[in-house]
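Data first, discussion second: the structure below is written as structure tokens.
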Amino acid sequence: MARNDLQGSLDLLVLKTLAQRGRLHGYGIVQHIQRASDALLQVEEGSLYPALHRMEQSGWIRSEWALTETNRRAKYYQMTPAGRKQLDEAEASFEQLVKGVRAILRYA
Amino acid sequence: MGLISRMRNLLRRERMDAEIEAELRAHIEMAVEDMERSGMSEADARRAARLRFGNPVAMRERTLGSDAALGLERLWRDLLYALRQMRRSPGFAVSVVATLTLAIGVNTAVFSMLDSLLLRKLPYAQPERIAAFITHEEGVSSHSGRFVRQDDDGTDTATWRALRANVTAATVAAYGDQFGFSGGVNLDAGSAGNHAALYVSSARVSDHYFDVLGIRPFLGRGFSADEDRAGGPNAAVLSYDLWRTVFHANKGILGQAIEVKGEPFTVVGVLPAAAVTPQPAQIFVPVRAGDPEGVCAGGDNCGVLMRLNPGATWQEVATQLAHLPRPDYMDQGYRTWFYARPLQQYTSSDLRPKVEVLMLAVLFILLIACGNLAGLTLVRMAERRQEMATRMALGASQATVLRQIWVESLALGLLGSGAGVCLAVLIRTSLQRVLPAWMIPAGGLALDWRVLGFALGAALATSLLFGLLPAFTLRRLDLQTSLASASRTVSGGSGRLRRLLIGAEVALTVVLLSAAGLLVRTLVHLETLPPGFDPHNVMTAKASLNDARYRDPAAFRTLMAESVAAMKRIPGVEDAAAGLSTPYERGLNTGVTLLDGPLSGTKDAHAGSSAAYVTPGYFRVLRVGVLAGRTFTDSDTPTSEPVAVVNEAFARTFFHEANAVGRHFRIGGSPKDAVAIVGVVGDVVKEPGEYPTAPLATEPVFYIPATQVKDPSDWHVWFQPSWIVRTRGPVPGLTKSMQQALASVDPELPASGFYSMEQLMDHELQTQRVEVLLMGALALLALLLSALGVYALVSNLVVQRTREIGIRLALGSSLGEAMRLMAASGLVATCAGVVVGLAAAFFALRVMKSAIYGVQPYDPITLIAVPLLLLAITGVAGLLPTLRIARIDPATTLRAE
């Protein structure tokens, strides 16, 4: 399981998730990432919430309390325009990283 | 979000914390729901969720931790935690703050001295443009045959004229030196004041003097060239204070005549209120440096200051100085160079080495304090090991724990620094009262931003230093064992470290104590020199006869005779006399030419000696022993044979025998002043003027009768005579009676001061007294801190090895043996420190050679007494904690942990 490889990419994954799913709470983000990656990626809750908090401070996402389907109060996150810009940048640099790593691996 | 929201977060931490907790709880609930839906029981689901989730507290901490704005809030919490810790174990906090206060207090106080003297700008306008004129001499002295290299800050009339003529790149001004008690004149405020004669402090300065200092007179001007030449009109400049008090701030004072030294002087200026001059004076009169019959004629009684002119450079000044002709009074064997020394350097040259030594001493104390702080911290860290391990097990990161410890150290450091600054202010106030005036720099001791910055910096440095130690402890923290045992064990390594620190502290203390010891021995030596007279129950009064009314020898003679008679009539007075100088005082230096004896006719026939005039009965009043011949009587008149009485040193030095009665010598150069020696008296201890070797010594002196003084102003322009009375015991109101006796002969002659023999000796030994006070205080402080360090070391050892001692006692060891064992480690460290300290002292004490008299730097008495004292004090300090062993009950300690 690529549990620890998420360090740099956690922001990217969270933003992408929110871009695709609109509004989600933390638990929902964890579930989505797990499902969408075919259980290849498992987000540590211990890393997720600090990251969410940090991204909210940076202004990339915003939060509000709302009720879930099961009438439970949970904190829902949504991407902001600044967050969308950040997502585009992060996606672009991630593509570059992957291209570069692939090139090196092929070279050897 | 941004800064504003981050600031807002600061205040809503509680709310945030609650919110995060709610969020996490919701997360768990949703996970549990999902797991239940997929078939797990609620209990199992909850447990699984919790396991996945990890430590909720740590999670919350980490989430909050990612909030940068909370950093400030975190510091605040760390601070509150630190304060709680301090309240829980006040011993540690108090010890640390007390140690810091003492160390930083004395460091700041001495630094303030250093700052005022060397760093702070002098209180003149553009002080970097002011310099003192220095003559550097090098060569073989034609008198002593020895090689001499020295700097002379004096000038004679020819050199002064040359300076004025040649040096155009700077404005030069001269001033008269002051020494002894001669720095004042009689002032009669006339119709302006209440016609009472006053004695006021005075200074002699040339024209342009105030320009050089950059002082613009508040009223009027400084002296003009006409007023400063020989025979020119008498002018005076007043200080603001004098003008305000004696002359009632009379704005029309300019042009008015006041009576100074018995003559009318026209007031031409008043200085501004805040004016500072190198020689504080209430009245300034012209020095007339160009007058070949004036005060500067001798060659080393006047100094020169200069201010660089606008647009000129020091290079130009140096070139112009190089062209000056060589002074006449200079020894023919010397080569001379002239240069301008920056004023700050010049004024601080005497005090600088002393202050530097003091600074070194207080740095030693700071090091010793740091050693103690390190020891205290190591023990504390060992005590808190369990607590730190618990925190880390509960999820705090190493960084969090370290940060909290640093905040605690910083808080203690700031407290110590604040208290230290308060202590420094207290010390400074007492220093200003205790130090002699010449040791206090112009403008007082500073407490400016530099000094405060120093205090803060020192505190931060020390607290960071002893805040680093826990970091090392933490690294080796084994969570499991630390949690298990609450033992306050200090590992072997840090025990060794502490003993090393104690050794170093003791070594530094040895050096300080030895230095203080040498100074104490010097002072004792000087104070116990055989005085050569009986100093008990003797009182003196001085008055300035540098006065137009006493230029006439007849008037002077009458004054002497009548005033001494009046003094004798005071009830309680056994005997009275008068003389130009008293014991302990400096005498007038003058040249003599020996007319017979082994040295006459040789080049050594011209020599220098100290001189004084005395009334008959002077030697009797002081109870100076008469070794040969006679002393003066009423038969020595202006018309009888010119006679002199010399002291034993004079006789032995110049005639190579104790009995020089019948020999002749000339005073000064003129053949009219040949005198015959009629008596030899014992040596009296005084401040040497001719051959300065120590603050108090004996040197050749000759005395002539007051009645045979031909030109009183020759003597009185430099010194004030003293009236000496001997009483049978303490007489109440004696000084008032003496003033009245003087006034009964001349109502317009104010006494300038009254001094007992003890006070005169104190005045001469001021420097030594201050040195002993300061160095002694610092050495004792170092001793105290070292003793505290030893006490803490052994005390911790006892606590830490309580179990071991219990076992020993249970197995039959005696109490004494157990105590000795514990005290041994402290003793070993101390002894090692003493040895190292003595070795260091051997090198360090050599620099003190110029400050000590009558003892050698390797004085055996000091070097034996100091280690003994140290071992005694630290021995007691090491033994006290071992007394606690007596209270150890082996049964209890073996059982408990």
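Please treat every number below as a calculation from the coordinates, not as lab data. All values reported here derive from a predicted model rather than from experimental measurement. Heads up, the Cβs are rebuilt from the backbone with ideal geometry, glycines too, and the neighbour counts pull from every protein chain shown.
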Neighbour-count order for B:R820, B:R887, fewest beta carbons within 10 angstrom listed first: B:R887, B:R820
Expected 222 nm ellipticity per residue - DSSP helices of 4 or more, -39500 (n - 2.57), all of chain B, to 500: -16000 deg cm²/dmol
Cα point-scatterer Debye curve for the protein assembly as shown, base-10 log of I(q)/I(0) at q = 0.06, 0.09 Å⁻¹: -0.69, -1.08
Efficiency of FRET from Cβ geometry, B:T528 and B:D331, R₀ 51 Å, rounded to 0.05: 0.90
Which listed pairs, of B:K686/B:K736; B:K603/B:K849; B:K261/B:K354; B:K354/B:K736, have C-alpha distances above 30 Å, in listed order: B:K603/B:K849; B:K261/B:K354; B:K354/B:K736
The stretch B:548-748 shape via C-alpha gyration tensor axes, a/c threshold 1.5: prolate
Calculated FRET value between B:E293 and B:S640, using beta carbons and R₀ = 25 Å, to 0.05: 0.30
Exercise: per-residue mean of other protein chain Cβ atoms within 10 Å, B:832-840: 0
Quarter of Cα convex hull surface for the stretch A:4-107, i.e. mean projection, nm²: 7.2 nm²
Packing-based exposure ordering (other Cβ within 10 Å, fewest first) of B:Y175, B:Y199, B:Y618: B:Y199, B:Y175, B:Y618
Within-11-Å neighbourhood charge of B:L343 [Cβ basis; K, R +1; D, E -1]: +3
Residue-count net charge about B:I677 - beta-carbon cut-off 15 Å; Lys, Arg +1, Asp, Glu -1: -2
Proximal aspartates and glutamates to B:K542, defined as alpha-carbon separation beneath 13 angstrom and excluding residues fewer than eight positions away on the same chain: B:E585
Chain B - Rg (one decimal) and Dmax (whole number), Cα, Å: 37.7, 140
Per DSSP, loop trypsin sites (Lys or Arg not before Pro) in the stretch A:1-85 with at most 16 further Cβ within 10 Å: A:R3, A:R72
Residues B:K251 and B:Q766, FRET efficiency given R0 of 25 Å [Cβ-Cβ distance, rounded to 0.05]: 0.05
Mean separation of Cα contacts under 8 Å, 6 or more apart, over the residue count of chain B: relative contact order %: 15 percent
Set of the stretch B:708-745 residues, backbone N closer than 15 Å to the point 7 Å along the Cα-Cβ line of B:E758: B:727, B:729-732
Burial order of peptide ranges B:807-815, B:161-169 (average beta-carbon count within 10 Å, highest first): B:161-169, B:807-815
Burial order of peptide ranges B:632-639, B:504-511 (average beta-carbon count within 10 Å, highest first): B:504-511, B:632-639
B:H208, B:H248 arranged by Cβ crowding within 10 Å, fewest neighbours leading: B:H248, B:H208
Unpartnered cysteines - no second Cys beta carbon under 4.7 Å - across chain B: B:C370, B:C422, B:C831
Rounded to 5, the percent of DSSP beta bridges in the protein assembly as shown classed as antiparallel: 85 percent
Number of partner chain Cβ atoms within 10 Å, mean per residue of B:25-34: 5
Shielding of B:792-802 by partner chains, average beta-carbon count, 10 Å: 0
Where only C-alpha atoms are counted, convex hull volume of the stretch B:657-741 per residue in Å³: 183 Å³
Isotropically averaged projected area of the stretch B:485-593, using the convex hull of Cα atoms (one quarter of hull area), nm²: 17.6 nm²
Local electrostatic count, B:A93, Cβ distance below 12 Å [Lys/Arg +1, Asp/Glu -1]: +3
